[in-house]
Amino acid sequence: MSQPKRLRRCQLSVPGSSEKMMQKAASLDLDYVFLDLEDAVAPSAKREARGKIVGALNDLDWGRTTRCVRINDLTTEYAYEDIIEVVEGAGENIDVIMLTKCLGPDDITFCDKLLSMMEKKLKLNKRIGLETLIEEVEAMQKVDEIAAASDRLEALIFGMGDYSASQGVSINDIGGDTGYPGDIWHYQRQKLTIAARANRIDAVDGPFADFRSPDTYREECRRAMILGMVGKWAIHPSQIEIAQDVFSPKAEDVARARKMKAAYEDAWSQGLGSVQFEGRMIDIASIRIVDNTLQKADMIGGYS
Ligand code: COA
Ligand code: MG
């Protein structure tokens, strides 16, 4: 059984210790939030944050927004109770669990089995999704195995903050400029996106800490989008609109895709495999490319 497709143009990170920020997040128009139990929450506040997250999931109106909880990694003393407490407390009001610092396919299998047991016990009428950060060099090495580990897995996220630490990349702030000639994250984004696409799951780009630099954030979104990633994290509300804009196809591109498809279907019916469209050659590969645009437009809706 595979998971439903969800919009992930923007995933907003919200500290689970902050009732105020969770309330604010529920009032925003966005695709996806994850309520954090990991690095945005100090160790002394983690246990209490679970209860606050359960309250926010059950009591706030999240509208169209997908509700995810980010748990601590499986080497910590917190992870199993993170899952147990939030799933027992929120049940069907939670859509996805996000795993941190995954080290290999076994971590995915563990979460999958624990969730299966809980869904049976709680008699949930839905299957909770799973997604994972790829933010350790061990995970990047095994990203293909991780991506294929469970059909519960919906997305891989490139977490460049911890990843920088894990690889020893010299960087001042998360997602920021390193002065490296070229794009420092080109290889990692490519590798992760290929693994995700080969398993029909989403690839998402992680955080950009300098939330007062919207132009650089937009450029980071654009780079991720061109490679086939479906969205990027926001750590501050001001980043949401930018990500949702960059990861939505432009109306003119959707119109052109439909026109191209119609022209190609016409040619196909006349027995032609490749034809001229707006002065360029198109063939069935061109149609596969624009089908991606049309699929995104269908999921987002609102394109006339
Ligand atoms: N989710 C929801 N609301 C947020 C938010 C977030 N991630 N970040 C800021 N806000 C709210 C603030 O509470 C404030 O609300 P108000 O106007 O009702 O008072 C408003 O947005 C403006 O915030 P601002 O004053 O500009 O920033 P701040 O100093 O309150 O917060 C950070 C700055 C960086 C501390 C905050 O954005 C944050 O905690 N981000 C998430 C960090 C995180 O999750 N890290 C782990 C993953 S990388
Ligand atoms: Mg991390």
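Structure data summary
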item	result
In sequence order, calculated HN-Hα J values of the stretch 166-180 (Karplus, 6.51, -1.76, 1.60; Hz; x Gly/Pro)	5, 8, x, 6, 8, 8, 8, 9, 4, x, x, 6, 10, x, 6
Beta bridge orientation in the chain: antiparallel %, DSSP, nearest 5	10 percent
Sequence-separation-based contact order of the stretch 6-130, relative, with Cα cut under 8 Å and 6+ spacing, percent	22 percent
Cβ-derived FRET efficiency at R0 45 Å, D266 paired with T109, nearest 0.05	0.40
Crossing angle, helix 46-59 versus the chain [Cα axis fit, 0-90 degrees, rounded to tens]	60 degrees
The stretch 251-300: relative contact order as a whole-number percent, Cα under 8 Å and 6+ apart	39 percent
Sites D29 and S2, calculated FRET efficiency, Cβ-Cβ separation with R0 22 Å, nearest 0.05	0.20
Local electrostatic count at F211 - Lys and Arg +1, Asp and Glu -1, tallied over other residues with Cβ under 14 Å	-2
Percentage relative contact order, the chain, counting C-alpha pairs under 8 Å, at least six apart	15 percent
Extension gain, R127 back to H236 (0.36 nm per residue minus Cα-Cα distance, nm)	36.3 nm
GluC sites (Glu not before Pro) within the stretch 252-304, DSSP loop, no more than 16 other Cβ atoms inside 10 Å	E278
Most mobile of R280, R223, R50 in a GNM of the chain (Cα contacts under 10 Å)	R280
Inter-site label distance for R47 and R222 at 7 Å from Cα along Cβ, in nm	4.9 nm
Most mobile listed residue (S213, S18, S286) in the chain, GNM with C-alpha springs under 10 Å	S286
Nearest-20 debye value, the chain charge dipole, Cβ charges on Lys, Arg, Asp, Glu	820 debye
Between 0 and 90°, nearest 10: helix 186-198 axis offset from the chain longest Cα axis	80 degrees
Backbone HN-Hα couplings from phi across the stretch 105-119 [Karplus 6.51/-1.76/1.60, Hz, Gly and Pro as x]	x, 4, 5, 5, 4, 4, 5, 4, 5, 4, 5, 4, 4, 5, 4
Listed pairs K46/K123; K113/K261; K120/K250; K142/K232; K24/K126; K5/K250 exceeding 32 Å between Cα atoms	K113/K261; K120/K250
Lys/Arg +1, Asp/Glu -1 at C-beta; the chain dipole; positive extreme among Q141, S116, M281	M281
Calculated FRET efficiency for the pair R197/K20, C-beta based, R₀ 45 Å, to 0.05	0.75
Nearest 10 degrees, 0 to 90: helix 214-226 Cα axis against the chain principal axis	60 degrees
Other-chain or far-sequence residues with amide H under 5 Å of K232's (modelled H)	C10, Q11, D205
Listed residues T193, T216, T293, most fluctuating in the chain (Gaussian network, C-alpha, under 10 Å)	T293
Kirkwood Rh, Cα atoms: Rg over Rh of the chain	1.00
Farthest positive-ward along the chain dipole, Cα basis, beta-carbon charges - from W233, A255, N93	A255
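Readers should treat all values here as calculations from the given coordinates under stated rules, not as data from a laboratory. Predicted model only: the values in this text are computed from it and were never measured. FYI the Cβ positions are ideal-geometry reconstructions off the backbone, even for glycines, and counts take in every protein chain you see.
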